[in-house]
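What follows is calculated from the coordinates using simple rules that are stated; it is not laboratory data. Bear in mind that the values here come from a model prediction, so they are computed numbers and not experimental data. Every residue, glycine as well, gets a Cβ built from its backbone with ideal geometry; the counts of neighbours run over all protein chains shown.
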Amino acid sequence: MPVETLSKGDKKAQFLVTDSHFSMLNALRRAIITNVKTMAIDDVTIYTNTSSMYDEILANRLGLIPLKTIPELEKSKKEVVFSLKEIGPKVVHSGDLKSSDPDIVPVYDNMVLVSLKIGESIDLEAKAKFGDGSEHTKFTPAHVFYHFYPKIEITKENVKNAAQIAEKCPVNILEADGGKLSVKKGQISRCILCKACEEFAGEDIIKISSDNKKIIFEIESWGQLSLKQIIDEAFDSLKEEAEAIKDRITK
Ligand code: SF4
């Protein structure tokens, strides 16, 4: 199964997979979403909350804050507790949470939790634990999806409204040079197969389809784990599941 890296940053990557079936990539996608463990706030004790936000909503917002996760900590069963004590006027952010472990902190400091008016206050304690996406989506480490490789056929050399057709593309990968319409160099994999260009111009000018033998796999980490950690852990969990099935069959 040849894999080519189309783009790779700290949190986002795009791979081109050929000679594979989409069910294989779907298995990887599902393993990432449901099997990879991360840490998230799961148990909140609210001592004071005189803000206009209900306790339940505040607790829910705390749970959805991505936390930097060290997978090795799971075995140690070490408890990580966050405390938050604030008085208004103040906009309280994720970065205001005080962690009992300096390595387990919110990935982003600037997530707004609650806005306190003059004299309003909150005082709470929140415990984080390991979990996976099968328990709650807050533990999911990434946004991950796949789609077939786009095929864009431009069949006319010169079109009157090339610039207008190019403007229809929501990801801006089409360009017009006078009446000549083309796909920007190296940008075809960014096509989202929306067919906006085809619907506007007509199939006789631009035809959009996909190559089902080539699949683009895209992943964006929420920041709890690195892309490598997420993919490694997902493959490990798939191997474990395959071994468990093999054991059941051979017993
Ligand atoms: S199908 Fe959509 S994304 Fe692809 S080139 Fe046409 S307008 Fe752009």
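Taken as Cα centroids, segment 168-223 and segment 78-95 sit 45 Å apart, rounded to the nearest whole angstrom. Using the structure shown, list the pairs from K77/K127; K90/K138; K168/K228; K12/K78; K11/K90 with a Cα-Cα distance above 24 Å, or answer none. Violating the 24 Å Cα-Cα cut-off are K90/K138; K168/K228; K12/K78; K11/K90. Per residue of the chain, the DSSP helices (runs of n ≥ 4 H) give a summed -39500 (n - 2.57) that works out to -7500 deg cm²/dmol at 222 nm. Near the amide H of L116, within less than 5 Å, lie the amide hydrogens of K90, V91, V92, all on another chain or at least 5 residues away, with H placed in the peptide plane. Karplus-based coupling profile of segment 27-42, in residue order and whole Hz: 4, 5, 4, 5, 5, 5, 5, 10, 9, 7, 8, 9, 9, 8, 5, 10, with θ = phi - 60° in 6.51 cos²θ - 1.76 cosθ + 1.60 and x standing for Gly or Pro.
Less than 5 angstrom separates the built amide H of K151 from those of S209, S210, D211, all sequence-distant by 5 or more or on a different chain. Each residue of segment 224-235 is assigned a 3J(HN,Hα), and the resulting list reads 5, 10, 6, 4, 5, 4, 4, 5, 4, 5, 5, 5 Hz, derived from the Karplus form 6.51 cos²θ - 1.76 cosθ + 1.60 (θ = phi - 60°), x at Gly and Pro. In terms of its Cα atoms, segment 92-251 spans 67, 66, 22 Å along the principal axes, sorted from long to short.
Put simply, the Cα atoms of segment 38-138 extend 43, 26, 23 Å along their principal axes, the longest span coming first. Label positions at E157 and S23, each projected 7 Å from the Cα along the C-beta direction, are separated by 4.7 nm.
Measuring r between the beta carbons of I87 and F145 and using R0 = 51 Å, the FRET efficiency lands at 0.75.
At full extension, T48 and K12 could sit 9.1 nm farther apart than now, given 0.36 nm per residue minus the alpha carbon distance. Annotation: amide H-H contacts under 5 Å for M111 (H modelled 1.01 Å from N, sequence separation of 5 or more, or interchain): S94, G95. Relative contact order, whole percent, for segment 10-153 stands at 36, derived from Cα pairs under 8 Å and 6 or more residues apart.
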